[in-house]
Amino acid sequence: MTEPSKLPHHGVPEHQPVAGGIAARARATAGPQYLNGLNPEQREAVETLDGPVLVLAGAGTGKTRVLTTRIAHILSQGRARPQEILSVTFTNKAAREMKLRLGQMLGQAVEGMPWLGTFHSIGGRILRIHAELVQLKSNFTVLDVDDQVRLLKQLLQAENIDDKRWPARMLAGLIDSWKNRGLSPSQVPAGEAASFGNGKGGKIYATYQERLKILNAADFGDLLLENIRLFRENPDVLRQYQNRFKFILVDEYQDTNVAQYLWLRLLSQAPSRPGRSLADVIPGDLTSPRLRGEVGSQSDPGEGDSPQTVLVETPPHPDPLPASGESEQPALKNICCVGDDDQSIYGWRGAEVDNILRFDHDFPGAKVIRLERNYRSTGHILAAASHLIAHNEGRLGKTLRTEDVDGEKVTVTGSWDSEEEARAIGEELEELQRSGENLNNVAILVRASFQMREFEDRFVTLGLPYRVIGGPRFYERAEIRDALAYLRTINSPADDLAFERIVNVPKRGLGDATVQLLHDHARKRRIPLFEAARAVVETDELKPKARGSLRDLVMQFDRWRAQREVTSHTELAEIVLDESGYTEMWQKDRSADAAGRLDNLKELVRSMEEFENLQGFLEHISLVMDRDGEAGDEAVSLMTLHSAKGLEFDNVFLPGWEEGLFPSQRTLDEQGRAGLEEERRLAHVGLTRARRRAKIYFATNRRIHGTWSTTIPSRFLDELPAHNVEITESKGGSGWGGSGGYGASRFDNLESFGSSYSTPGWQRAQANRNRGGGGRSGGFEERQSSFTSSDSFSRTKRGPMVIEGELVAKSTGTTSEFSLDDRVFHQKFGYGHVVKIDGNKLTIAFEKAGEKKVVDSFVERA
DNA sequence: CATCTGGTTATTTTT
DNA sequence: TAACCAGATG
């Protein structure tokens with residue numbers, strides 16, 4: 001996998017200089033080679049091997065480097081063998097990155113690090129080994145959200161719950177959040193359990209778990225939660241892992257949820273003696289005030305289930321030695337958590353910032369090391385980001401500093417509306433391009449994905465290459481899941497969810513009625529759906545058409561299963577996709593993304609090659625598949641702030657800094673101050689992605705859900721230090737009558753922002769504004785009327801704008817190879833025909849997307 | 001059983 | 001506005 005032949009230099013982060021002059025260099029020569037170039041704090045983080053360590057690693061301070069070097073250090077010091085180190089990350093990408101860097105550092109393949117991976121993949125691996133102890137078989141299926149929802153829908157129907165009022169999706173989210181908090185069905189506080197489906201929510205959660213066992217399946221949450229249950233109910237198993245892992249390393253600790261925290265806690269205790277119970281393993285103190293408050297406060301004190309003890313679950317067998325167990329504080333393992341509280345942006349998904357804030361409480365005697373030397377951004381950018389994040393209260397506090405030059409100031413640009421914003425950024429991008437900047441060094445980071453559309457439209461007209469990062473992950477795409485469902489059905493005939501998914505895809509005339517019949521049969525005879533299908537085909541319960549169709553399908557699957565013995569799994573996949581008519585279905589589909597879907601299917605089959613057999617492939621696919629590729633050609637990256645975490649670019653554009661959008665009104669409404677702080681961290685993450693240039697934008701008018709509304713510049717703008725910020729004029733905005741005046745008044749407004757944030761009146765002004773903002777849950781749209789009138793105004797403005805776009809296009813001077821009425825295909829918009837030609841600039845009427853202006857190199861003849 | 005139509009609802013997203 | 005889904009229609 002990781003080739004030892006990789007260039008040794010490749011993995012060295014960025015442009016980190018050899019730290020701090022003579023002293024450091026002298027010391028560096030003293031230690032082993034791999035310690036060279038670490039600054040003193042990094043070095044301390046690497047060399048402090050004993051006891052709990054928390055490394056607070058600010059943005060761009062060499063976090064991954066510390067983590068990998070620490071592993072190298074442990075190995076080279078002979079403190080542990082590779083298989084004795086547990087090293088967890090959140091994403092596959094991070095795990096891959098670590099493997100890669102480690103391989104380079106050690107000059108060796110890292111196959112010997114079997115326990116380096118994501119929480120979920122490691123949890124899943126442990127679970128497969130001991131599957132029978134949690135009522136599963138080791139080849140259990142990992143369900144995706146789709147499967148979960150489908151299953152829950154069935155359960156809701158069985159309970160006669162109106163799924164209009166109580167959507168399955170909502171329950172899926174609820175169950176997921178319970179699992180994130182480490183709560184099994186019996187542990188969910190009664191009040192919460194009753195909050196869904198007329199009090200039946202908790203019951204359905206329990207039934208859902210039972211159904212999962214019958215289906216031999218686990219959802220993502222189970223990979224951790226069932227793991228925790230495994231450990232709690234089987235102390236000997238837990239002990240085995242406690243013994244094995246001499247060192248534990250955790251990446252992105254600020255993103256851990258309660259379940260992950262509990263899992264880590266269990267593993268990080270020194271192994272207890274055999275015969276002792278859970279009380280040893282989980283000291284009562286584990287239920288920290290935070291957890292107790294969270295779990296306990298939400299249920300009635302009088303409930304029989306005693307929610308307070310939830311986290312110290314009663315073991316299956318009563319503790320034989322409770323008294324002595326309590327007083328002992330079991331020794332803690334050598335656990336090292338790396339994270340940055342200022343980059344915690346996944347609170348809404350269950351991450352507990354508190355985990356990192358309370359680290360030294362949870363792990364007494366922990367050593368806390370701060371990495372504050374930033375090797376990424378220039379001075380002004382770093383100062384702006386630091387100043388901004390300093391407005392947060394719930395943080396451990398770090399001050400990033402750099403030895404780099406001040407560089408360019410952060411710019412703030414106001415525009416009339418979001419369209420002008422996109423235009424302004426488009427022009428800046430062209431300017432960058434002209435000045436020889438590689439577009440791979442440029443990113444546009446938005447708060448919400450709907451903002452991307454405007455940029456895409458603009459870039460398409462400009463012919464500016466861009467790529468969208470994020471969006472649905474590879475294995476989440478419908479075509480991939482369909483293909484997987486076929487393979488799952490072949491592999492395990494009892495996988496009802498998979499069979500149900502593809503029974504009528506492509507259309508075979510087997511609709512709801514047929515499926516319902518199969519369900520009835522299956523339930524009555526307690527057999528899987530597939531077997532029910534086989535049986536039903538023998539009866540005359542179905543209409544001849546459906547019956548024949550179903551018989552064919554059953555026979556096909558029988559044939560494929562037989563073929564499995566004599567064919568490689570990749571070949572089998574091709575055969576299945578072909579014979580089932582699935583490939584054909586997409587070939588016939590004329591929509592824009594059909595071609596892409598076919599590509600994805602090919603990619604899926606190709607990726608199967610890396611696995612031994614079908615079984616192995618299916619076990620890992622849901623955990624390991626992610627889109628990665630896309631390295632490809634030079635292009636501007638377009639993504640959300642969330643998906644930008646961990647990345648860096650020379651030039652970063654940050655549009656949409658407006659109240660309501662950023663910070664998001666919804667977050668503010670739902671999470672209050674905590675929500676605001678998380679939004680602010682998001683802003684901090686955005687700014688710190690930039691190496692050399694950070695450019696912020698806000699628009700005065702934005703269309704939200706189809707209606708125009710006036711917006712106020714984001715409060716985060718007021719929180720930027722005036723000294724490091726420059727107000728610039730929107731380039732796209734200059735030159736129109738009317739808008740200049742508006743722009744100027746905007747700037748008046750802005751003029752005050754720099755100096756006002758620190759003035760005494762600032763707080764009050766801010767409060768006023770907030771009140772105005774808070775009270776306008778409808779106010780966001782309220783101004784609409786005043787802007788319907790301005791709509792005609794802006795429409796007249798659109799005239800010159802379009803011409804401008806054409807001028808840019810004309811300047812390229814080439815004549816198009818297309819002619820009027822040509823039928824063409826565009827990657828994004830699909831099929832259409834040419835209605836106008838202007839140099840290399842085409843106007844195309846798309847079948848689906850309507851009329852668009854597109855540069856000819858972006859379309860091909862259809 | 002497939003297709004059409006109207007009502008509804010709008011972040012962020014590993015695994 | 002637009003995209004998605006559920007129920008009514010052919």
Completion exercise
Looking across segment A:147-194 at residues that are more than 12 Å from DNA strand C (Cβ to nearest atom) and among the polar types (S, T, N, Q), the single one that is farthest from residue A:351 (Cα to Cα) is A:160
Exercise for the section: Could you look through segment A:390-440, keep only residues that are free of Cβ contacts under 8 Å to residues at least 40 places away in the same chain and among the hydrophobic types (A, V, I, L, M, F, W, C), and pick out the one that is farthest from residue A:342 (Cα to Cα)? Expected result: A:405
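Would you list the helices (runs of 4 or more DSSP H) that sit entirely within segment A:506-595 and hold 3 or more residues that are small (Gly, Ala, Ser)?
Numbers: elements: A:512-525, A:529-538, A:544-563, A:569-579, A:582-588.
Passing ranges, in order: A:529-538, A:544-563.
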Problem - Residue list for segment A:654-677, restricted to those being crowded, with 23+ Cβ neighbours inside 10 Å and within 8 Å of DNA strand B (Cβ to nearest atom) - result: A:663
Exercise for the section: Might you let me know whether segment A:705-713 holds any residue that is away from DNA strand B (no atom under 16 Å from the Cβ), within 21 Å of residue A:384 (Cα to Cα) and at pLDDT 90 or above? Expected result: yes
Completion exercise
Residue hits (segment A:179-188; more than 16 Å from DNA strand B (Cβ to nearest atom) and buried (at least 23 other Cβ atoms within 10 Å of the Cβ)) are A:188
Exercise for the section: Scan A:489, A:461 and give me the residue that is touching a Gly at 6+ places or on another chain (Cβ under 9 Å), touching a residue at least 40 places away in the same chain (Cβ under 8 Å) and among the hydroxyl-bearing types (Ser, Thr, Tyr). Expected result: A:461
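Matching residues to (1) more than 16 Å from DNA strand B (Cβ to nearest atom); (2) of a type in the set (Gly, Ala, Ser); (3) not in a helix (DSSP H, G or I):
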{"residue": "A:160", "(1), (2), (3)": "yes, no, yes"}
{"residue": "A:177", "(1), (2), (3)": "no, yes, no"}
{"residue": "A:213", "(1), (2), (3)": "yes, no, no"}
{"residue": "A:229", "(1), (2), (3)": "yes, no, no"}
{"residue": "A:232", "(1), (2), (3)": "yes, no, no"}
{"residue": "A:242", "(1), (2), (3)": "yes, no, no"}
Exercise for the section: Please go through segment A:74-96 and pick out each residue that is touching a strand residue (DSSP E or B) at 6+ places or on another chain (Cβ under 6 Å) and farther than 22 Å from residue A:261 by Cβ. Expected result: A:74, A:80
Problem - Selection status of residue A:199, touching a Ser or Thr at 6+ places or on another chain (Cβ under 9 Å) and more than 16 Å from DNA strand B (Cβ to nearest atom) - result: no
Exercise for the section: Scan segment A:162-183 residue by residue and report those that are hydrophobic (A, V, I, L, M, F, W, C), farther than 21 Å from residue A:238 by Cα and touching a helix residue (DSSP H, G or I) at 6+ places or on another chain (Cβ under 8 Å). Expected result: A:166, A:168, A:171, A:172, A:174, A:175, A:178
Practice task
Return the only residue of A:453, A:477 being at pLDDT below 90 and closer than 30 Å to residue A:706 by Cα.
Solution key: A:477
Handout entry: Single condition residue A:619 does not satisfy, out of (1) more than 18 Å from residue A:485 (Cβ to Cβ); (2) in a helix (DSSP H, G or I); (3) acidic (Asp, Glu)
Key = (1)
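Can you work out which of the residues in segment A:515-528 that are among the hydrophobic types (A, V, I, L, M, F, W, C) and away from DNA strand C (no atom under 16 Å from the Cβ) is surrounded by the fewest Cβ atoms within 10 Å (Cβ to Cβ)? Walk me through it before giving the result.
From segment A:515-528, those among the hydrophobic types (A, V, I, L, M, F, W, C) are A:515, A:517-518, A:522, A:527; that's our starting set.
Filter again for away from DNA strand C (no atom under 16 Å from the Cβ), leaving A:517-518, A:522, A:527.
Working: A:517: 19, A:518: 25, A:522: 19, A:527: 16.
Residue satisfying both the conditions and the ranking: A:527.
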Problem - Subset of segment A:664-680 [polar (S, T, N, Q) and in a helix (DSSP H, G or I)] - result: A:665, A:667, A:671
Problem - Among the residues listed as A:488, A:501, A:508, the single one being surrounded by 15 or more Cβ atoms within 10 Å (Cβ to Cβ), closer than 19 Å to residue A:581 by Cβ, more than 16 Å from DNA strand C (Cβ to nearest atom) and more than 22 Å from the chain's Cα centre (by Cα) - result: A:488
Exercise for the section: Using the structure shown, decide if residue A:448 is touching a residue at least 24 places away in the same chain (Cβ under 8 Å), buried (at least 19 other Cβ atoms within 10 Å of the Cβ) and of a type in the set (Gly, Ala, Ser). Expected result: no
Problem - Lone qualifier among A:531, A:541, A:454, A:476 - being without any contact (Cβ under 8 Å) to a residue 60 or more places away in the chain, within 16 Å of DNA strand C (Cβ to nearest atom) and of a type in the set (Asp, Glu) - result: A:454
Practice task
Looking only at segment A:107-115, decide whether some residue is aromatic (Phe, Trp, Tyr), at negative phi and within 16 Å of DNA strand C (Cβ to nearest atom).
Solution key: no
Exercise for the section: Identify, by number, the condition in (1) buried (at least 22 other Cβ atoms within 10 Å of the Cβ); (2) touching a helix residue (DSSP H, G or I) at 6+ places or on another chain (Cβ under 6 Å) that residue A:90 doesn't meet. Expected result: (1)
Handout entry: Criterion violated by residue A:237 - all others in (1) hydrophobic (A, V, I, L, M, F, W, C); (2) over 30 Å from residue A:681 (Cβ atoms); (3) within 16 Å of DNA strand B (Cβ to nearest atom) satisfied
Key = (3)
Practice task
Using the structure shown, decide if residue A:541 is of a type outside the set (Ser, Thr, Tyr), under 22 Å from residue A:484 (Cβ atoms) and either surrounded by fewer than 18 Cβ atoms within 10 Å (Cβ to Cβ) or not assigned by the TED database to the domain that holds residue A:124 (or both).
Solution key: no
Completion exercise
Selection from segment A:464-473 of residues under 18 Å from the mean Cα position of the chain (by Cα) and touching a residue at least 60 places away in the same chain (Cβ under 8 Å) yields A:467, A:468, A:469, A:470, A:473
Completion exercise
The residue that is farthest from DNA strand C (Cβ to nearest atom), considering only those in segment A:215-227 that are outside any helix (DSSP H, G or I) and within 25 Å of the chain's Cα centre (by Cα), is A:218
Exercise for the section: Of the conditions (1) surrounded by fewer than 19 Cβ atoms within 10 Å (Cβ to Cβ); (2) outside the structural domain of residue A:689 (by the TED database); (3) more than 22 Å from residue A:685 (Cα to Cα), residue A:470 clears all except one; give me its number. Expected result: (3)
Exercise for the section: Only residues that are in contact with a Leu (Cβ under 8 Å, 6 or more places away or on another chain), under 29 Å from residue A:379 (Cβ atoms) and either within 16 Å of DNA strand C (Cβ to nearest atom) or among the β-branched types (Val, Ile, Thr) (or both): list them for segment A:693-731, please. Expected result: A:696, A:727
Exercise for the section: Would you please name the residue that is surrounded by the most Cβ atoms within 10 Å (Cβ to Cβ), looking only at residues in segment A:113-158 that are more than 10 Å from DNA strand B (Cβ to nearest atom) and among the acidic types (Asp, Glu)? Expected result: A:147
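When residues of segment A:633-653 are filtered for being outside any helix (DSSP H, G or I), among the hydrophobic types (A, V, I, L, M, F, W, C) and within 9 Å of DNA strand B (Cβ to nearest atom), how many remain? Steps first, please.
Start the filter on segment A:633-653 by keeping residues that are outside any helix (DSSP H, G or I), which leaves A:633-640, A:645-653.
If we keep only those that are among the hydrophobic types (A, V, I, L, M, F, W, C) too, we end up with A:635-636, A:638-639, A:647, A:649, A:652-653.
Cutting the leftovers down to within 9 Å of DNA strand B (Cβ to nearest atom) gives us A:639.
Number satisfying all stated conditions: 1.
The values are calculated or read from the model by the stated rules, or taken from the named source; none is laboratory data. Everything quoted here is computed from the prediction, not taken from an experiment. Here Cβ is always computed from backbone atoms with ideal geometry, including for glycine, and neighbour counts include all displayed protein chains.
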